[in-house]
Amino acid sequence: MDPTTDNAGNTGEAGSARASLEALRAEIAKAVVGQDPAVTGLVVALLCRGHVLLEGVPGVAKTLLVRSLAAALELDTKRVQFTPDLMPSDVTGSLVYDTRSSEFSFQPGPVFTNLLLADEINRTPPKTQSSLLEAMEERQVTVDGTPRPLPEPFLVAATQNPVEYEGTYPLPEAQLDRFLLKLTIPLPSRQDEIDVLTRHASGFNPRDLHAAGVRPVAGPAELEAARVAVAKTHVDREITAYVVDICRATRESPSLTLGVSPRGATALLATSRAWAWLTGRDYVTPDDVKALALPTLRHRVQLRPEAEMEGVTADSVINAILAHVPVPR
């Protein structure tokens, strides 16, 4: 084997990029305790040029997780606290009249960054939520008829509280479908919570990541090399058919009023490829598809009211489908 090639058949540059992205876990763990699955999900989203919805009760380090990721990847990041009175122009930017030049100039909004943290996105009305749609889908913002491209890479990490909480506006289906992944951030285990409190007792300041020891371990160059390698990851025709069968099964489920769209099937294929590459392979297996099915599909389906009343969840429906759809050999 060529010494510049790793076990997955990728060049040394791609292997180095993988090692850098794997180091993210250890770096982010300096600030965030016990959230490895969420870290992996965010890395998968970056590799797929997708966006992430983080859901969890207040106080489980959703914001700290995103800030730590930006610090470890040396990416520019901005934060928007979504409130009921937030206007679309507060996110995208607006034209400002300059009295000296007697002309209007564009003042960029916080969306012009690499990693936008949209904090508590479901606390703002749909009009402002939808202001992110063009940015997420087209990676540009149009103000006064002029399109303005966003930086590359660009990722929206939106946090939301469970919709049962007061003062929340459920995201419309069209916007939910624009998120590549929905990651649930659980409450920490007893030991993890003890570790969190021990860190704070020792002087840990979540607002000072530099003092916590979080350092850049990768950057845009490694991210681009990784994306190129992911695009070369082989997908067998049987795996493609398996992804389609899973998504079609959601449209036929008696527990759902809305199944996964073709965009969702494309997303599952993309996240499976990224996960396969991250685990050191240059081909996708059915296990890769199963591993990413829940975070990729759970927000793209809608439960029937009667099923919801019986305690059925989107995750349980998808797990049942995974158990019944034939797995390619």
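Backbone amide hydrogens, once placed in the peptide plane, bring D236 within less than 5 Å of V284, excluding anything fewer than 5 places away on its chain. Each part reduced to its alpha carbon centroid, region 125-161 and region 270-329 end up 27 Å apart.
Going 7 Å from the Cα of A19 toward and past its Cβ, which residues in region 202-243 have a backbone nitrogen under 20 Å from where you end up? Once the point is set 7 Å along Cα→Cβ of A19, 215-230 turn out to lie under 20 Å by backbone N, inside region 202-243. Could you please report the charge total around A291, scoring K, R as +1 and D, E as -1 over all other residues with beta-carbon less than 13 angstrom from its beta-carbon? Neighbour charge sum, excluding A291 itself: +1. Amide H contacts of L303: T257, each under 5 Å away and 5 or more positions distant or on a separate chain (H built 1.01 Å from N in the peptide plane; Pro and chain starts excluded). For region 248-329, rounded, prolate or oblate, judged on the Cα gyration tensor with a ≥ b ≥ c (square roots of eigenvalues), a/c < 1.5 rounded, else prolate if a/b > b/c? Cα axes put region 248-329 in the prolate bin. Taking the DSSP bridge list for the chain and keeping only pairs wholly inside it, about 40 percent are antiparallel. A protection proxy built from the mean count of other Cβ atoms within 10 Å ranks the segments 89-97, 35-43, 295-303, most packed first, as 295-303, 35-43, 89-97.
Assigning unit charges at the beta carbon (Lys, Arg +1; Asp, Glu -1) and nothing else, what dipole magnitude in debye, to the nearest 20, does region 40-182 show about its Cα centre? Don't jump to the answer; show the numbers that get you there.
Working: 12 positive and 18 negative charges, 58 e Å.
The calculated dipole for region 40-182 is roughly 280 debye.
The order of the peptides 116-129, 61-74 by mean Cβ neighbours within 10 Å, most packed first, is 61-74, 116-129. Couplings for region 52-63, taken from phi via the Karplus curve 6.51 cos²θ - 1.76 cosθ + 1.60 with θ = phi - 60°, read 10, 10, 9, 10, x, 5, x, x, 10, 6, 5, 5 Hz in order; Gly and Pro are left as x. The charge dipole of the chain, taken about the Cα centre with unit charges on the Cβ atoms of Lys, Arg (+1) and Asp, Glu (-1), comes to about 180 debye, rounded to the nearest 20.
Could you give the size of the charge dipole of region 222-329 about its Cα centre, using +1 on the Cβ of each K and R and -1 on the Cβ of each D and E, expressed in debye and rounded to the nearest 20?
Dipole of region 222-329, to the nearest 20 debye: 260 debye.
Rounded if a/c is under 1.5, else prolate if a/b beats b/c, else oblate: with a ≥ b ≥ c from the C-alpha gyration tensor eigenvalues square-rooted, which is region 187-275? Note, shape of region 187-275 comes out oblate. Label-to-label distance for S94 and T240 is 4.8 nm, based on points extended 7 Å past Cα in the beta-carbon direction. Using the Cβ of D177 as centre and a radius below 9 Å, the other residues enclosed give a net charge of +2, where K and R count +1 and D and E count -1. Under the simplified labelling scheme, the A320-R148 pair shows an inter-label distance of 4.9 nm, with each label point 7 Å from Cα along Cα→Cβ.
Bear in mind these aren't lab numbers, they're just calculated from the coordinates by the rules spelled out. Only a predicted model underlies this, so the values are computations on that prediction, with no experimental measurement involved. Cβ atoms come from the backbone with ideal geometry, glycine included; neighbour counts cover every protein chain shown.
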